[in-house]
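In what follows, a structure is listed as C-alpha cells, so that the remarks can point back to it.
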Amino acid sequence: MNAPAAGTNSLRNQPDERGHFGAFGGRYVAETLMPLILELEREYARAKADPAFAAQFDDLLEHYVGRPSPLYFAPRLTGELGGAQVWFKRDELNHTGAHKINNCVGQILLAMRMGKTRIIAETGAGQHGVATATVCARFGLPCVVYMGATDVERQQPNVFRMKLLGAEVVPVTSGAATLKDAMNEALRDWVAHVHDTFYIIGTAAGPHPYPELVRDFQSVIGKEARAQMLARTGRLPDLLVAAIGGGSNAIGLFHPFLDDPVRMLGVEAAGHGLDKQHAASLAGGRPGILHGNKTYLLQDEDGQITEAHSISAGLDYPGIGPEHAWLKEIGRVEYTSATDTEALAAFQLLCRTEGIIPALEPSHAIAAVRRIAPTMGKDQIILANLCGRGDKDIFTVAKALGAEL
Amino acid sequence: MSRLASAFAKPHPALVTFVTAGDGDTAAILDALVAGGADVIELGMPFTDPMADGPAIQAANLRALGAGTTTADIFRIAAGFRARHATPLVLMGYANPMLARGSDWFAQQCAKAGVDGVICVDIPPEEDGDLGPALRARGIALIRLATPTSDAARLPAILEGSSGFLYYVSVAGITGKQQAVQASIEEAVARLKAATALPVAVGFGVRHPEQAAAIARVADGVVVGSALVELVAQHGAEAAGPVRALTAALAQAVHRARAHA
Ligand SMILES: Cc1ncc(COP(=O)(O)O)c(C=O)c1O
C-alpha cells in the first residue's frame, strides 16, 4: 500500500489535514459521529505507518482476492474499433467479481485493529454488500447490509449470495429505495451503535477519512496496472477510462497516474439521457452536502436531492466522491457520460469480441472507449478498468433485451 | 435581551417543541404550540435525506416535500409566525437546503423572517465556516448539539462559537422512541453546565409529561419532537387541537417541575 512519498507539487497529496480536496470533501456528519470519525482518522494514520498492516493487506489481496489481476490487451475489440489499442485491467476476476473487495479487505482490517465487533454496509448493485459479507465471513464478524428495496428486487442473485455468506440484508423502503437511501439507513444504524460498530463504506465518498482510505485501498488497481503496462509495453498508457458511481474504481485506477503525462476519463451514467433521468452528478449537478461530504450532487434549487437513474444499480447514486469533484474543477481529469442504451450495446460488444461478460458499470466505460478509440492513433494505448463481471446483471440485461429467462 | 435569552430567563424551565414545516396546517400548529405554552419553537426544514431522524420525522419530511413545500414557503411560515407571536423560533434541519443559495442568503432570510436561531444537524464545528460566520454576522444564534459521545476532549470545540442554548441529544441514535436513562441525563447535564454558561436543553426520545418533568428538574429546557409530529401524522389538517392539548400537558409538567421537586 505504501506509495512513494509524492512531492509538494504532486496531485497525489490530497486531502489536506481537514479532509478537504480543494473546496470538496470534509466531515459533514451529526455530532454523535464526530468522535468516531476522528478516532478512525487517527487509527488509519497509525495503520498506514505500520508495516504489519500493509503486509496483512497485501497477503490477503494476493492469496484471498487473487491479485495481481491481469492486464489484458483486447485484440478483437481493438480491431473492431479500428483505432487505439484497448487494454483492460481485469479486476472482474477478483474473488467476488468486482473491485469492491480490495476496499473491504482494508476496512475490515482497520475495524479489527479498532476492536470493533459488528460491521455494517450499504450496497447498490450488491457487489459491495457481497464483498463486505465475504470479508465478515472470513473474519467471523456479524454483518448487516442495508440495500434499497428497489435494488433488492433487481439484484436478487447478490441478495442470495449475501445471505449465504451469513449477512443480514435489510431492505430500505424510504425515498426511492436505492443506494442513497441505503446509505441514510446505514448512517442511522451507525449513530445508534457507536461503540461496537464499524461502517464499511463502499465507495470513495462519505466523511473524511473515508474518501482517502477507500482510494488508498483501491489504488492497488492503478499501481499494479502502471507497473504491468511499463513491463509489457515499456511505456505508460495515453488514456485511462473508468466508470463512476461514487468513484472508487476510477480513483483507484487514476490516482497512481495523477503525476504522469496520462489523460484520464471518468464515465458517469447518463441513464435515459442527460436531459432526462440520469445519475451524472458532475454533468448535471452542482456542489452541495450529502452523506458526510461536500461534492457535486443532483439536486433542485432548494437543495433537495433528486433521484438518480441508471440501468446499472452500482452507478445509481446522485453524488460522487469529493476527489473527483476536485479533479474536475482543476481540469486534471475529464468526465463524460454514457446512457443505458450505450452501456447495453457496449456490454454486448465485449461479450462478442472478447468472450468477457462485463458488469453494467464498466460497460459504461467500454461505451466511452467505443466512442474514443476510433479517434485515436493505432500506436496509442487506452487502459480501461474492467471493474466487475456481469453475472449479477444477466437478468437486468435479459429484460432490457426482451429475452425470457 | 434576545427572544431566546428571555425564554430561558423565565422563572421555570423551558418547553421546546419541534414540528416540521409544511406538514399539515403549519401556521395553525405553530399557534397551537404557543397557546399550549411552548417557550421555544423549533421548525424543521424538510429534507429528502434526513439521516439523523427516525421514522416519524422522516415521514413528516416526506409529507411536507410531497405537499410541495419549498424553502420560500418555510420563510413565509416563519415570517407569518413572527408577525403573530414573540416566542423564539429556531430553524432545524440539514446543511444542503440551508446552503443551497449560499449561507449569506440563508442568514439574511432568517433575519428578515424573524428567525432567532439555527440548528444544522450535519455541520460540525470542524466545518463551521460553511454557516457559522454568516449567522453570527446577522445576530442569529447557532445552536449546536452535544451528545453522549461528546467527551471532555470534544466539548470545547462544540462550545466554541455556540450560542442561544446547547442542545443535549440524550441518546446516541436517531430521533424517535428510544429513551435515555434519567441518571445518564442528570450526569450529562451537570457535566455540560459545568462547562458552559449557555442554557442546556435536553431532547431525543422525550414523549410524556412525567418524563419531561423529570428532565426539567435538572435541565434548563426539554425538547419534544416526534410525539408532536406523530399527532400531525395521525390528525392531518385537524392536528392543531391535539397538538395544543399535548403541548399544554407537557408545558404544565415542565414549568412546574421544580416546584414539585
Ligand atoms: C462492478 C462495479 N463497478 C463500479 C461500481 C461503482 O462504484 P465506484 O464508482 O465506487 O467504483 C460498482 C458499485 O456497486 C460496481 O459493483
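Of the residues in region B:8-22, at least one is open to solvent by less than 30 Å² (accessible area, probe 1.4 Å), at pLDDT 95 or above and more than 17 Å from B:G203 (Cβ to Cβ). Before we move on, is A:P15 within 14 Å of another protein chain (Cβ to nearest Cβ), farther than 21 Å from A:A121 by Cβ, in a loop (DSSP other than H, G, I, E, B) and touching an Asp or Glu at 6+ places or on another chain (Cβ under 8 Å)? So A:P15 passes the test.
Do we find that A:A133 is within 27 Å of A:N94 (Cα to Cα), touching a helix residue (DSSP H, G or I) at 6+ places or on another chain (Cβ under 6 Å) and away from every other protein chain (no Cβ under 14 Å) in this structure? Criteria met by A:A133. Which of (1) away from the ligand (no atom under 11 Å from the Cβ); (2) in contact (Cβ under 8 Å) with a residue 40 or more places away in the chain does A:C136 not meet, given it meets every other one? For A:C136, the failing item is (2).
B:C120 falls short on exactly one of the conditions (1) among the hydrophobic types (A, V, I, L, M, F, W, C); (2) open to solvent by less than 10 Å² (accessible area, probe 1.4 Å); (3) within 20 Å of B:S2 (Cβ to Cβ), and that condition is (2). A residue that is out of contact with any Ser or Thr (no Cβ under 7 Å at 6 or more places or on another chain), within 15 Å of the ligand (Cβ to nearest atom), among the β-branched types (V, I, T) and open to solvent by less than 10 Å² (accessible area, probe 1.4 Å) cannot be found anywhere in region A:286-294. A:E301 satisfies every condition listed in (1) within 8 Å of chain B (Cβ to nearest Cβ); (2) open to solvent by 10 Å² or more (accessible area, probe 1.4 Å); (3) under 18 Å from the mean Cα position of the chain (by Cα) except (3).
Across region B:130-163, which residue is farthest from the other protein chains (Cβ to nearest Cβ) among those that are open to solvent by less than 20 Å² (accessible area, probe 1.4 Å) and in contact (Cβ under 8 Å) with a residue 40 or more places away in the chain? Result: B:A141.
Taken over region A:375-405, the criterion of being within 16 Å of the ligand (Cβ to nearest atom), modelled with pLDDT of 95 or more and surrounded by fewer than 24 Cβ atoms within 10 Å (Cβ to Cβ) is satisfied by A:R389, A:G390, A:V397. Quick check on region A:235-255. Is at least one of its residues in contact (Cβ under 8 Å) with a residue 24 or more places away in the chain, charged (D, E, K, R), part of a helix (DSSP H, G or I) and more than 15 Å from the ligand (Cβ to nearest atom)? No, region A:235-255 has no match at all. The condition (being at pLDDT 95 or above, within 16 Å of the ligand (Cβ to nearest atom), surrounded by fewer than 24 Cβ atoms within 10 Å (Cβ to Cβ) and away from chain B (no Cβ under 14 Å)) is satisfied by just one residue among A:I320, A:I366, A:I372, A:I356: A:I356.
Results for (1) away from the ligand (no atom under 14 Å from the Cβ); (2) on the phi > 0 side of the Ramachandran plot; (3) modelled with pLDDT under 95, shown as yes or no for each residue.
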{"position": "A:L187", "(1), (2), (3)": "yes, no, no"}
{"position": "A:V191", "(1), (2), (3)": "yes, no, yes"}
{"position": "A:H195", "(1), (2), (3)": "yes, no, yes"}
{"position": "A:F198", "(1), (2), (3)": "yes, no, no"}
{"position": "A:G202", "(1), (2), (3)": "no, no, no"}
{"position": "A:P211", "(1), (2), (3)": "no, no, no"}
{"position": "A:K223", "(1), (2), (3)": "yes, no, no"}
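The values are calculated or read from the model by the stated rules, or taken from the named source; none is laboratory data. Note that the structure is predicted; figures quoted are calculated from it, not measured. As a convention, Cβ positions derive from the backbone with ideal geometry for all residues, glycine included, and neighbour counts pool all protein chains shown. When the accessible area is computed, the model is the full protein with side chains, heavy atoms only, and any ligands, DNA or RNA have been set aside. Shrake-Rupley method; radii C 1.70, N 1.55, O 1.52, S 1.80 Å.
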